[in-house]
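Below you'll find the structure, written out as structure tokens, and then a few comments.
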Amino acid sequence: MAARIDRVVTAGTLSLDGQTCAVENNVWLIGDDEQVLVVDAAHDADAIRLATGNRQVCAIVCTHGHHDHVNAALALAKEVGAPVLLHQADLALWQQTYPDRIPDGELAQGEVMRVAAVEVRVLATPGHTPGSVCLYVPALRAVLSGDTLLAGGPGTTGWSHSDFPAIISSIRDRLLSLPAPTRVLPGHGETTTIRDEAGHLDEWIVRGY
């Protein structure tokens with residue numbers, strides 16, 4: 001069967017900077033009927049496991065280290081026997097959730113993973129966090145943007161370790177340079193496209209978020 005990207009929406013809480021709030025997260029599954037890559041194992045390992053079915057889980061990729069994007073990663077990894085991958089610049093954030101365990105591998109700019117015969121390219125996009133990454137899947141005309149780019153603008157940079165000028169640079173240089181029809185599949189909320197977001201960069205810079 002052809003490769004595809006599926007979505008599982010999970011609900012839970014984000015605990016960060018002394019605050020806790022309710023959130024819904026998009027968990028993305030890249031693969032076919034045989035293999036799958038899980039992106040951002042959030043809140044509910046059982047629901048994600050059910051969505052993977054009998055497929056081989058090649059890896060669990062974290063777009064960044066915030067609690068709500070990693071809090072089901074180790075439970076899922078234990079169930080499916082897959083490595084957990086994270087950019088090393090977000091290790092300090094990861095350890096706020098998992099102080100006694102480091103990820104199994106590191107993500108780096110330009111790295112290419114393969115799943116279900118398609119390439120998944122790692123784009124380093126610091127700003128929301130120092131180690132934020134996006135995953136570009138050219139064959140499926142999609143970029144999984146984590147909390148770097150949401151429908152309507154950049155992910156929040158109001159947290160510690162966030163940097164608004166950095167996220168603007170990441171979006172401009174790494175994401176808006178992708179083909180205009182590319183689907184943007186974010187960590188929260190609805191999907192969008194590069195075309196729909198590209199004309200608003202100056203507005204985001206002026207408003208400051």
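The values are calculated or read from the model by the stated rules, or taken from the named source; none is laboratory data. Owing to the predicted nature of the structure, the values given are computational and were not obtained by experimental measurement. Ideal geometry is used to build each Cβ from the backbone, glycine not excepted, and the neighbour counts take in all protein chains shown. Heads up: the accessible areas ignore ligands, DNA and RNA and are worked out on the full protein's heavy atoms, side chains in. Shrake-Rupley method; radii C 1.70, N 1.55, O 1.52, S 1.80 Å.
Quick look at the values:
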| quantity | calculated |
| --- | --- |
| Check on VAL120, of a type in the set (Val, Ile, Thr), touching a Lys or Arg at 6+ places or on another chain (Cβ under 9 Å) and open to solvent by 60 Å² or more (accessible area, probe 1.4 Å) | no |
| Total residues in segment 138-166, condition in contact with a strand residue (DSSP E or B) (Cβ under 8 Å, 6 or more places away or on another chain), hydrophobic (A, V, I, L, M, F, W, C) and closer than 18 Å to HIS87 by Cβ | 4 |
| Residue within segment 183-193 that is more than 18 Å from the chain's Cα centre (by Cα) and not aromatic (Phe, Trp, Tyr) present | no |
| Any hit, segment 156-169, residues being within 19 Å of HIS43 (Cα to Cα) and either open to solvent by less than 70 Å² (accessible area, probe 1.4 Å) or at pLDDT 95 or above (or both) | no |
| Residue pairs meeting the criteria (Cβ under 6 Å; at least 6 apart or on separate chains; first among the acidic types (Asp, Glu), in segment 1-27; second buried (at least 17 other Cβ atoms within 10 Å of the Cβ)) | ASP6/LEU29 |
| Hits in segment 176-189 - residues which are surrounded by fewer than 23 Cβ atoms within 10 Å (Cβ to Cβ) and closer than 22 Å to THR157 by Cα | LEU176, SER177, HIS188, GLY189 |
| So ASP163, is it over 29 Å from LYS78 (Cβ atoms), out of contact with any helix residue (DSSP H, G or I) (no Cβ under 7 Å at 6 or more places or on another chain) and among the charged types (D, E, K, R) | yes |
